[in-house]
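Here's the structure we're looking at; comments come further down.
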Ligand SMILES: [Zn+2]
C-alpha cells in the first residue's frame, strides 16, 4: 500500500466536475486495474468460459455504454464470472465483472445495461480510488472498510496485491456513491438507447429482496451496493424528468442467457456437493458431484471438487485424474493448480508439485503455496530458496504464518 502513497495534490473528478484530493494518480489507477483484474476474477470463481458467447454479449453491451460515459477513454473490459453469488463489481480504470448468478436473475438487456452502467460510473468517477485515499488518510487500511468476502475460502490465503483487488471490488459503497452511480448510469442508458425504467424497476426489486432478508443477494450485490428506497425515489424522479421509453431487449436477452440458465441445476448440484463434503458426508457428496459432471462434463470446477472429495476418501491417485482434468480445462486458474500441486506433494512428486504451486503463485500469490514451496525446497536441499519461500509465507497470519515462522527459525538455527 505504501508504494501507492504518492502525493499528487488536487484534480477534477471526471464525472462530477468537482475538484477533489488526488493521492492516487491516474497512471496508478490504471496500474491497479490492469494488475488486479485477473487475480480478482480468479478469487471470485474465475471466468465463465463454458459460455464465451455470453461474455462477448456482456462486453458488447458494456462497451456501448462505456462509449457514452464521462470517461470513454478508459481501457474498459467486461467479463462474466463463474459464481452463483449474484454480484457485480468494478475495479479502477474500468475493469468490470458480473457474476453468472446475477445474470440469470435479470429479465432483459436493459436491466443488464442498468447494472453495467452503474458499475461504469463507479470506475469512471474513481469511487474505489477515493475510498482507498480516504483509508490512507485515516490510516485504517483497506481492511477496515467493512468488506463482504462472501464464502470465499481463498480470501484469507491471498497475499499482497491479489488480496487488495478483492477488497477494492467487494468493499461497501457509500450512499452518496450509489446515488451518483445510479444517476449517471441512467443517463448513459438513455444515451445508448435503453429504457431507463429498467433501472428503476430493478432497484425496486432489490429493495424488496433486501427486506425479505434471506436472499443470497445480501452476501453478494447488496453487501457492496446497498439498495434503498431513497435510490428508488431519486431514480424515479430522474426518469420522469428525462423521459422513459427505449430498448428493452427481452427476447434477445433470454436467448443469450438460455445456456447459463439451463446449466443452473448442474451448479446447484455442485453447491450441494460442496456442502455435503463440508459436513463429511463423502458418499453423498460424490453422488451429487457426479450428477453435476453428467450434466456438464467440461466444467473444470466440478472436476476440481470431485478431486477434493476423492482426496478426503483417501484416494489421492483417483483425485489426481480429477485435478488433471480440471487443470486441462482451465489451465490459468490458480486454485486448480494449488489443489493439484498439494495432492502431488502428498504423492511425493516434488517437481510436479513445485511447477503447479509456482504457476498458481504467478497469478494469485498465496501463503499456502509459499509454505509448501518452502517444504519442497527443504526436501530438495535448496536451503536459500526454502528460506525465501518461508519468509514470504511468514508474512501471513494464522496457522500458515505460524508454521512458516517456526520452520524459518529452525532453518536459521541449522
Ligand atoms: Zn454501486
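The values are calculated or read from the model by the stated rules, or taken from the named source; none is laboratory data. Nothing here was measured: the structure is a model prediction, and the numbers come from that model. Positions of Cβ are generated from backbone atoms using ideal geometry, with glycine treated the same way; all protein chains shown enter the neighbour counts.
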Exercise for review: Considering (1) surrounded by fewer than 23 Cβ atoms within 10 Å (Cβ to Cβ); (2) away from the ligand (no atom under 11 Å from the Cβ), say which one residue 180 fails and leave the rest.
Suggested key: (2)
Check your understanding: within 20 Å of residue 43 (Cα to Cα) and assigned to a loop (DSSP other than H, G, I, E, B) - does that describe any residue in the range 311-326?
Key -> no
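From the list 261, 281, 275, which one is in contact (Cβ under 8 Å) with a residue 40 or more places away in the chain and surrounded by fewer than 17 Cβ atoms within 10 Å (Cβ to Cβ)?
Numbers: 281 fails: in contact (Cβ under 8 Å) with a residue 40 or more places away in the chain; 275 fails: in contact (Cβ under 8 Å) with a residue 40 or more places away in the chain.
Checking each option against the conditions leaves just 261.
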Point to revise | Of all residues making up the range 157-172, the number that are surrounded by 19 or more Cβ atoms within 10 Å (Cβ to Cβ) and within 12 Å of the ligand (Cβ to nearest atom) | key: 3
Check your understanding: Condition test on residue 164, is it assigned to a loop (DSSP other than H, G, I, E, B) and either over 23 Å from residue 184 (Cα atoms) or at pLDDT 90 or above (or both)?
Key -> no
Practice item. Please name all residue pairs, on different chains or six or more residues apart, with Cβ atoms under 6 Å, provided the first residue is in the range 59-74 and is under 20 Å from residue 34 (Cβ atoms) and the second residue is at pLDDT 95 or above and in a loop (DSSP other than H, G, I, E, B). Key: 66/76
Exercise for review: Could you list all residues from the range 357-405 that are within 15 Å of residue 159 (Cα to Cα) and not in a helix (DSSP H, G or I)?
Suggested key: 364, 365, 366, 394, 395, 396, 397
Revision key, fill the gap. Picked from the range 183-207 (must be crowded, with 18+ Cβ neighbours inside 10 Å and not in a helix (DSSP H, G or I)), the residue farthest from the ligand (Cβ to nearest atom) is 195
Practice item. Within the range 59-77, identify whether any single residue is outside any helix (DSSP H, G or I), modelled with pLDDT under 95, closer than 26 Å to residue 361 by Cβ and in contact with a helix residue (DSSP H, G or I) (Cβ under 7 Å, 6 or more places away or on another chain), and answer yes or no. Key: no
Review point. Does residue 106 qualify as being away from the ligand (no atom under 11 Å from the Cβ) and part of a helix (DSSP H, G or I)?
Key: no
Review point. In this structure, does residue 379 turn out to be modelled with pLDDT under 95 and surrounded by fewer than 18 Cβ atoms within 10 Å (Cβ to Cβ)?
Key: no
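What residue, among those in the range 209-231 that are away from the ligand (no atom under 14 Å from the Cβ) and in a helix (DSSP H, G or I), is nearest to residue 178 (Cα to Cα)? It would help to see each step written out before you state the result.
Taking the range 209-231 as the starting set, the residues that turn out to be away from the ligand (no atom under 14 Å from the Cβ) are 209, 211-216, 218-219, 229.
With in a helix (DSSP H, G or I) added as a condition, the list becomes 209, 211-212, 216, 218-219, 229.
Working: 209: 18, 211: 18, 212: 21, 216: 20, 218: 16, 219: 17, 229: 12 Å.
Per the stated criteria, the residue is 229.
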Exercise for review: State whether the residues of the range 114-131 include one that is within 16 Å of the ligand (Cβ to nearest atom), modelled with pLDDT under 80 and assigned to a loop (DSSP other than H, G, I, E, B).
Suggested key: no
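Is it the case, given these coordinates, that residue 408 is within 18 Å of residue 350 (Cα to Cα), part of a helix (DSSP H, G or I) and under 34 Å from the mean Cα position of the chain (by Cα)?
Values: within 18 Å of residue 350 (Cα to Cα): no; part of a helix (DSSP H, G or I): yes; under 34 Å from the mean Cα position of the chain (by Cα): yes.
The answer is no for residue 408.
Have a look at 90, 143, 110 and point out the one that is at pLDDT below 95 and surrounded by 17 or more Cβ atoms within 10 Å (Cβ to Cβ). Working first, answer last.
Numbers: 143 fails: surrounded by 17 or more Cβ atoms within 10 Å (Cβ to Cβ); 110 fails: at pLDDT below 95.
Of 90, 143, 110, the one residue that is at pLDDT below 95 and surrounded by 17 or more Cβ atoms within 10 Å (Cβ to Cβ) is 90.
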